[in-house]
Amino acid sequence: MSRFNEHGLTPQQEKFARTVVSGKKLADAYRESYCAKGMAEKTLHEAASRLAANSKVIARIFAMQAAAAEIATLKAADVLREVKALALSDIIGIVNNDGTFKLPHEIDKETRAAIASFEIDKDKVIKYRFWSKTDALEK
């Protein structure tokens, strides 16, 4: 069994890279990844700096940061898409051509996304409540 992972890093180097990407300082990441008990602060900072300068470690850190940035961008785009759909939604999507209200399963996806809740009373009357367009536009 190899002591290196698919990125050419030891388990400690991988943990160090992950800890740095999580936002910790280099010295704290080193403490969490290696046995640093009893190390002088100066020695600890030097060791952490050397490890962070390792080409494989820095490449792994950059790769994880890029992946995290892509995920954050996708999430932001998803949120904006939802807000836009809500702001542009039209309540006509809940009405049939004959003027009766559609059942929840008959409503298109875009209109469903704009509905905050619905209620069907004992007389089978449907009441829909929509999310606020004003709130969506303010976001």
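The values are calculated or read from the model by the stated rules, or taken from the named source; none is laboratory data. Note that the coordinates shown come from a computational prediction; the quantities given were computed from them, not determined experimentally. Cβ atoms come from the backbone with ideal geometry, glycine included; neighbour counts cover every protein chain shown. For the accessible areas, the whole protein counts, side chains as well, though only heavy atoms, and no ligand, DNA or RNA atoms are used. Shrake-Rupley method; radii C 1.70, N 1.55, O 1.52, S 1.80 Å.
Of note:
- Surrounding net charge for I92, when Lys and Arg each add one and Asp and Glu each subtract one, Cβ distance under 12 Å: -2
- Cα shape, region 1-93, gyration tensor, a/c 1.5 rule: prolate
- For chymotrypsin sites (Phe, Trp or Tyr not before Pro), the sites in region 1-34 that DSSP calls loop and that have at most 14 other Cβ atoms within 10 Å are F4.
- Above-threshold pairs, the threshold being 26 Å between Cα atoms, out of K75/K127; K24/K75; K15/K42: K75/K127
- For region 71-131, accessible area per residue (1.4 Å probe, heavy atoms of protein chains only), Å²: 78
- Computed accessible area, E106, all protein chains, 1.4 angstrom probe, square angstrom: 90
- Partners for K124 among aspartates and glutamates (Cα-Cα distance below 20 Å; same-chain residues under 8 apart left out): D98, E106
- Of the solvent-accessible surface of the chain, computed with a 1.4 Å probe and all protein chains present, 58% belongs to carbon and sulfur.
- Sorted peptide list for 5-15, 95-105, criterion being average Cβ within 10 angstrom, highest first: 5-15, 95-105
- Only Lys, Arg, Asp and Glu carry charge here, each on its Cβ (+1 for the first two, -1 for the last two); on that basis the chain has a dipole of about 760 debye about its Cα centre.
- The 3J(HN,Hα) values that the Karplus relation (6.51, -1.76, 1.60; θ = phi - 60°) gives for region 56-70 are, in residue order, 6, 5, 5, 5, 5, 4, 4, 5, 5, 5, 5, 5, 5, 5, 5 Hz. Gly and Pro appear as x.
- Anchor K122: lysines whose Cα lies under 29 Å away (excluding residues fewer than 8 positions away in-chain): K102, K109
- Length gained on full extension, S22 to K37: 3.2 nm, using 0.36 nm per residue less the C-alpha separation.
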